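Read-outs throughout are calculated quantities, based only on the coordinates presented, and are distinct from any laboratory measurement. The model shown is predicted, which means the values in this text are computed figures rather than measured ones. We place every Cβ from the backbone using ideal geometry, glycine too, and count neighbours over all the protein chains shown.
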Amino acid sequence: MSSVMGYGEVLHDLRKYKKMSVKELASGICTEEELIQFEKEKQYPRIDQLNHFAEKLNVDLSYFYALTSNTPHSYTTAIINLINKYKRERNYHAIQNIIKREEGNPLFNDTSLKQYLVWHQGICVYYLDSNFDKAINILYSAIDLTNPSRKNLTEREIEVLTSIAILFNEEKNYRHSITLLVEALADLDKLPNIVDPKSKLRAMFALSQALTYIGEFEESLKYSKKGIDHCIQYETLYLFSEFYYQTGENLIELGEKELGTNYINTAIDFLRIQNNEHLANYIEEELEKLLNK
């Protein structure tokens, strides 16, 4: 075996070594045709698929990155992408397992990478252990790794602050959440450039939600409509449906039922286009509750 291989060759050789058929390895991960394409290097597996292959083949994900030269990401980038994917899916158990596996990895000794793991460790502590105080302390410690004064926050630090605000939202401490989110958006506006527009969209959506929760529908409406405008500006569908729903909810609460219903139905249509039936069905139920108040 040469020291540098293609990912398809590594995948094929491991499968053969483990005496697994294409059907066995592909089961629950991809189609057999896709696995054949991966092994021939005519397609590249998603990072979560590669992670599942590694688990099924009983090797660490880093094994692929140690042997291959033509994977599209560095190992640490791949881990971050995997955590981000699981965060979107609210799969906090998977995130926690990754953090436990990587916290002793020298590759994550870099302060920024360590901060990323600590940030998501705090999120997991809240959602898996239901320990709000510990989660908040961990999240603030993530900010302190790069900014002990907690002033003039960077984009990453603002993202952590937004996570803190979201946990206060979860605890129904909406006033404090709103204070933090207004601060986060003000700090984002001070930055010369924003690398990831999702950071601003997350803060804007959380603020709109919190304002709705306390009955500040007109103020919330300003942020939900601004969120739609930002999605269009940045050409992203990230939270696009959610902003449409939030706008519709605010309009219905303000007495504009027909217009509000149109916004929410648009949100449902977008979600169905994205094959997000679970959220589409949930929003349909919420719409019915709003209209029957």
With only helices counted (DSSP H, runs n ≥ 4, each -39500 (n - 2.57)), the per-residue ellipticity at 222 nm for the chain, to the nearest 500, works out to -23000 deg cm²/dmol
Cα centroid of segment 134-182 to Cα centroid of segment 189-206, whole Å: 14 Å
Once you charge only the Cβ atoms, +1 for Lys and Arg and -1 for Asp and Glu, what is the size of the charge dipole of the chain about its Cα centre, to the nearest 20 debye? 700 debye
Straight-line reach from LYS293: which lysines have a Cα under 22 Å away, not including same-chain ones fewer than 8 places off? LYS172, LYS257
Taking only Cα atoms, what is the 0 to 90° angle, nearest 10, from helix 132-146's long axis to the longest principal axis of the chain? 70 degrees
Log10 I(q)/I(0) at q = 0.11, 0.21 Å⁻¹ for segment 130-278, from Debye over equal alpha-carbon scatterers, is -0.45, -1.29
Using label points projected 7 Å from each Cα along Cα→Cβ, tell me how many nm separate LYS198 and MET20, to one decimal. 2.7 nm
State the answer as a single residue: which of ILE79, ASN173, CYS124 lies farthest towards the positive end of the charge dipole of the chain, with beta carbon charges of +1 for Lys and Arg and -1 for Asp and Glu, about the Cα centre. ILE79
At most 10 other Cβ atoms within 10 Å and a DSSP loop assignment: could you name the GluC sites (Glu not before Pro) in segment 205-293 that fit? GLU235
Enter the per residue convex hull volume of segment 92-201, computed from alpha-carbon coordinates, in Å³ rounded to the nearest integer. 107 Å³
Go through LYS19/LYS114; LYS16/LYS42; LYS42/LYS100 and tell me which ones have a Cα-Cα distance over 27 Å in this structure. LYS19/LYS114; LYS42/LYS100
Protection-proxy order for peptides 122-129, 23-30, each taking the mean of Cβ atoms within 10 Å per residue, highest first: 122-129, 23-30
Show log10 I(q)/I(0) for the chain at q = 0.11, 0.14, 0.16 Å⁻¹, two decimals, from a solvent-free Debye sum over equal Cα scatterers. -0.79, -1.12, -1.28
A correct Kirkwood calculation over the Cα atoms of segment 67-152 returns a hydrodynamic radius in Å of 13.7 Å
Backbone N within segment 208-249 under 12 Å of label point (7 Å from LYS293 Cα along the Cβ vector): 212-218, 248-249
